[in-house]
Amino acid sequence: MSLYSGTIASNQTICYNGNPAAFTSVADASGGTTGYTYQWQYSTDSGSTWVDIYGANATTYDSGTLTATRWFRRRVIDSGTPAETGYTNTVIVTVYPVLNAGSIGSNQTIYSGTTPALLTSISGASGASGDYVYQWQYSTNGTSYSNIAGATSTTYQPPALYANTYYKRRVYDTFCGIGYADYSNVVLITVSGAPPATPSAPSGLTATNIDCATCDLQWINNGGGIVKNVIQRWDGIAFNDEEEVSFSATTFNGFELYPNTENQIKVCAVDSGDTYYCSDAITAQTTYIAAPTGFSGYLDDKNVVLSWTNISTGATELSVYRCLSGGTCEYIAYLPYSATTYTDTTTIREETYSYSIISECHGYGYGTPFIDFTIPTAPLVPPFCDGSNYAASGSTCGNSDGVIAITNIDYFTYYDFTLTDITGGTYTFNTTTGEATGLTAGYYFLTATVKPEYWYYYGRETCTFEWLEVIDSDTTMSNTSKSVRNVVCGGFGRTQGRIAYLCTDSGSNPIYTAKLYNKDTYDLVQTVTGTTIDLIIFSPLNAGDYYCHITNDAGCSLLIGATKVQGQSLRSVAGIKKLWLTQWDENVEYDYWAQSDDDYYLSGIDADFFNSIKIKRFIDSTLPDVWYSVNVQTKAITFSQTMEKTKQGFVFNDKLALTIPEADNTKWKELVDILQNRYILIFLDNNGYYWCMGYRHGASTDGYKRENNEYILEFNAISENKILTNIDKQYIIDSIL
Amino acid sequence: MATELLQSCDFALTKIKKLYMSSRQLSGDVISFPVEYDTISGSSDSIVRVNVFDTDAGYCIIGGQTLEIIEISVFSEFMTFTEEYQENKQGKTYVKKLEFQLPLVNYTANAALKEFLFTAEGQFAVCKAVAFIEDENSKLWVVGERIPLILQSGMELGISTENYYKLSFQSIGYNRVRNYQIQA
């Protein structure tokens, strides 16, 4: 007997995501070779393709939940060889579409106690079997909802409400049951308080602080559901809205009025429907404003003096309005309302100006007619180069705030000026103020050149004022003294010039830079940098005039003006004109020059000089005898110092020879007396220098007679390593003369 | 028998236009003799190279030494330089003599002279000097760079019919005086 596959049951219809009843075996397989193997299969395409269901090998099968229609069958295979295969009938499980509750509209805001608009159905329910049951629900908190009795249609009319209320619509299908219910969106009815009262017009409108063009307004707001207030002003034809303020406002300050007019004003309450509820109109008369009268003026040299009479009873200010002949106009001054005069000092010569005085009030202006003035040419001034017609005012440390000014700006009419600093930087003068500003401390050079059109009067004059000083007024440095060593215009001394500046700095700044400039060439001669300002030395220097600029690291400057290094001429007169002598003794004491006052040498710097070059004085009490004066004639006395190489080394030998004419016994006896001693000699040469010999070991003497009947008296001294020694003139005056 | 040189030469070295002398280094130290120097590259006659010669600042640099230089400012008539060739027991030598006379004895000049002649410690040392000469043909000569110029006995200072200093320097060596050139 051939294989019989059996039959299964049964077809079903279920809701979306429903669980169909288990499929039953109406008849199991039979026939063929006993020993059957079952396999359940499903299809989603009406049985075109089948899929084995894993583990479904019994005669019956219970499917899980379904969301789409499916077809099922059971396959059987017997135990024959070869095996036979057969299939049962097909059963269908039909699944309805998912239920959709649709949507409702819409949110509303209402006054408390009023009835909202109908809640509409924007879209109805769909899906499932199509047989729907509606139920409206409400909530006061948006979380827990309650059914509204009898509200089962697609729309719903809520009652009057006093609190915020949420609504939604529930839908279920009669086939699927309430277990498959769906809900619409939620709408919220917002309750905003009691409904507004009926608007009322403001009352009690008053205007205060009325001036030429404004006033302050006050009124009583009577409320009644208005949304704003509007202030209106009569323009001669109708009231127009001018200002809009909030519904609660009761004042408005600075309301603009028509000047010199009786202004009519109202304030209106406006409701949401843009209906105006206006107060009674009031009248505000502005104060009087008009152009000044009696406007006149005159010229005071280049200044224009204006005057007028003010006839306004109210204005905020006066302004002076000026136009140039070219048409450019500007307000040049704003004056208090009480002003009646003004002087314009900013004019330029030979320019024409027009003036008007304007009474102003909150942007309204009433001006006088213009009056014109032509500024005359400048009166000729004294030649600039004949005087100090400039002034330099100080700067402050580290700042560019110094000023050099031409004291009379009329000079700009006749002269061109250039101002430069020591580095060649240039500065410009403001021809109105006469000032060149932005100057740092330092030296400046002002050059004035006559303009060609005035050569006929001043000539082609050009002059330069050199080394003008702009000084830091707050500098901490000061110059206490200076010492200058001059140069000799030849020999070894031409570049031996030196300037030593002794300075102090109360600021105790550690680093200084000192620059020395040549007066004539403006050249920077030397720069010295150091950590102490006590002694600043420039050397070697040629003869000339020098200017010094010292800066410290705090940015302060110190200017030390012209310092002259003189050149000592080599022109000289030969010979000796005076001689003094006194006896020498080994106990004679003397002092070399040891002070720098009245001299060119610095203690501590020029040690050689203080050890041998100049004697300050003898200690008179150590001299064994008084000083004697010897009358000499230049031709009759000579001095020389020669250096000799000896076994002891190099020594200087000094020799002074005196010729005594007309030898006789009396003179010889005096000579014999002189020859018995050793002497200190001081002589004055014809150039004014005082010299001293023999002070160390005493000058020996020698005397003899020559054939031409004259005695020769010689003084010889060894001065060892001392070049001919100078002696202080004041000592000669005080102790010898 | 001494033979005087330069008498028949076209250039007149005996006429000095400018004279600079150095008796110490700028630091105050004595000059180290012989002064080492470079020669001008490419020169065939060993021209001495002076790296810097700053008369305003008063120094020159030659070899590794920075020498303090002082201009001796005198009319040419009072300043002479001669170089003589001699043959004697020491062999063949050149004797260079530099003499000049300065006017006006005063104590400023004394101080300058002393500063030149004395050591930095103030000792009268009769310095060893080097001279830089510019002759009237603008040729530059250096004297005493090997064997220094020595102040001779007879240095004189007079106040009589004249008012002057007279100084005489001499250097005896085996080489003739050399030219120098300033080249950084």
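Looking at this structure, is A:L468 within 14 Å of chain B (Cβ to nearest Cβ) and touching a residue at least 12 places away in the same chain (Cβ under 8 Å)?
Details: within 14 Å of chain B (Cβ to nearest Cβ): no; touching a residue at least 12 places away in the same chain (Cβ under 8 Å): yes.
Considered against the rule, which asks whether it is within 14 Å of chain B (Cβ to nearest Cβ) and touching a residue at least 12 places away in the same chain (Cβ under 8 Å), A:L468 comes out as no.
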> Given the structure, is A:D545 in contact with a Leu (Cβ under 8 Å, 6 or more places away or on another chain) and farther than 30 Å from A:D625 by Cβ?
Replying inline: no
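Taking the stretch A:634-644 as the search range and keeping residues that are at the interface with chain B (Cβ under 7 Å from one of its Cβ atoms) and surrounded by 15 or more Cβ atoms within 10 Å (Cβ to Cβ), which one is farthest from A:I674 (Cα to Cα)? Step through it out loud before you land on a result.
Within the stretch A:634-644, the first condition is being at the interface with chain B (Cβ under 7 Å from one of its Cβ atoms), and the residues that meet it are A:638-644.
Filter once more, keeping what is surrounded by 15 or more Cβ atoms within 10 Å (Cβ to Cβ): A:638-643.
On the way: A:T638: 18, A:F639: 19, A:S640: 21, A:Q641: 22, A:T642: 24, A:M643: 27 Å.
Filtering first and then ranking leaves A:M643.
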> Any residue in the stretch A:575-590 that is touching an Asp or Glu at 6+ places or on another chain (Cβ under 6 Å), within 14 Å of chain B (Cβ to nearest Cβ) and either touching a residue at least 40 places away in the same chain (Cβ under 8 Å) or farther than 30 Å from A:L516 by Cβ (or both)?
Replying inline: yes
> How many residues, within the stretch A:261-298, are under 25 Å from A:L335 (Cα atoms) and either open to solvent by 70 Å² or more (accessible area, probe 1.4 Å) or in contact with a His (Cβ under 9 Å, 6 or more places away or on another chain) (or both)?
Replying inline: 2
> In the stretch A:144-165, how many are closer than 18 Å to A:V191 by Cα and either open to solvent by 60 Å² or more (accessible area, probe 1.4 Å) or of a type in the set (S, T, N, Q) (or both)?
Replying inline: 5
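Go through the stretch A:393-495 and tell me which strands (runs of 3 or more DSSP E), entirely inside it, have 3 or more residues that are surrounded by fewer than 20 Cβ atoms within 10 Å (Cβ to Cβ).
On the way: elements: A:402-406, A:415-421, A:435-439, A:442-450, A:462-470, A:477-485.
Because the criterion is at least 3 residues that are surrounded by fewer than 20 Cβ atoms within 10 Å (Cβ to Cβ), the strands (runs of 3 or more DSSP E) in the stretch A:393-495 that meet it are A:415-421, A:435-439, A:442-450, A:462-470, A:477-485.
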>> Quick test of your reading of the structure: B:G144 fulfils all but one of (1) under 26 Å from B:S46 (Cα atoms); (2) open to solvent by 50 Å² or more (accessible area, probe 1.4 Å); (3) without any contact (Cβ under 8 Å) to a residue 60 or more places away in the chain. Name the failing condition by number.
In response: (2)
> Out of A:N631, A:N611, which single residue is within 30 Å of A:Y501 (Cα to Cα), without any contact (Cβ under 8 Å) to a residue 60 or more places away in the chain, open to solvent by 60 Å² or more (accessible area, probe 1.4 Å) and not aliphatic (A, V, I, L, M)?
Replying inline: A:N611
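Would it be correct to say that A:R170 is in a strand (DSSP E or B), at pLDDT 90 or above and either closer than 30 Å to A:A128 by Cα or aromatic (F, W, Y) (or both)? Full working, then the answer.
Values: in a strand (DSSP E or B): yes; at pLDDT 90 or above: yes; either closer than 30 Å to A:A128 by Cα or aromatic (F, W, Y) (or both): yes.
For A:R170, the condition - in a strand (DSSP E or B), at pLDDT 90 or above and either closer than 30 Å to A:A128 by Cα or aromatic (F, W, Y) (or both) - is met.
Taking the condition of being of a type in the set (V, I, T), outside any loop (DSSP other than H, G, I, E, B) and either within 14 Å of chain B (Cβ to nearest Cβ) or more than 26 Å from A:E586 (Cβ to Cβ) (or both), how many residues in the stretch A:602-632 meet it? Spell out the reasoning first.
Taking the stretch A:602-632 as the starting set, the residues that turn out to be of a type in the set (V, I, T) are A:605, A:613, A:615, A:619, A:622, A:626, A:630, A:632.
This time we only want the ones that are outside any loop (DSSP other than H, G, I, E, B), so: A:613, A:615, A:622, A:630.
Filter once more, so that each one left must be either within 14 Å of chain B (Cβ to nearest Cβ) or more than 26 Å from A:E586 (Cβ to Cβ) (or both): A:613, A:615.
So the answer is 2.
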> How many residues, within the stretch A:693-717, are open to solvent by less than 20 Å² (accessible area, probe 1.4 Å) and either within 11 Å of chain B (Cβ to nearest Cβ) or not in a strand (DSSP E or B) (or both)?
Replying inline: 4
> Where in the stretch B:137-184 are the strands (runs of 3 or more DSSP E), entirely inside, with at least 1 residues that are away from every other protein chain (no Cβ under 14 Å) and within 13 Å of the chain's Cα centre (by Cα)?
Replying inline: B:140-143, B:149-151, B:163-173, B:178-182
> Residues in the stretch A:645-656: is at least one assigned to a loop (DSSP other than H, G, I, E, B), open to solvent by 40 Å² or more (accessible area, probe 1.4 Å) and farther than 30 Å from A:A500 by Cα?
Replying inline: yes
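The values are calculated or read from the model by the stated rules, or taken from the named source; none is laboratory data. For clarity, every value in this text was computed on a predicted model and none was experimentally measured. All Cβ positions, glycine included, derive from the backbone under ideal geometry; neighbour counts span all protein chains shown. Accessible surface areas use protein heavy atoms only, side chains included; no ligands, DNA or RNA. Shrake-Rupley method; radii C 1.70, N 1.55, O 1.52, S 1.80 Å.
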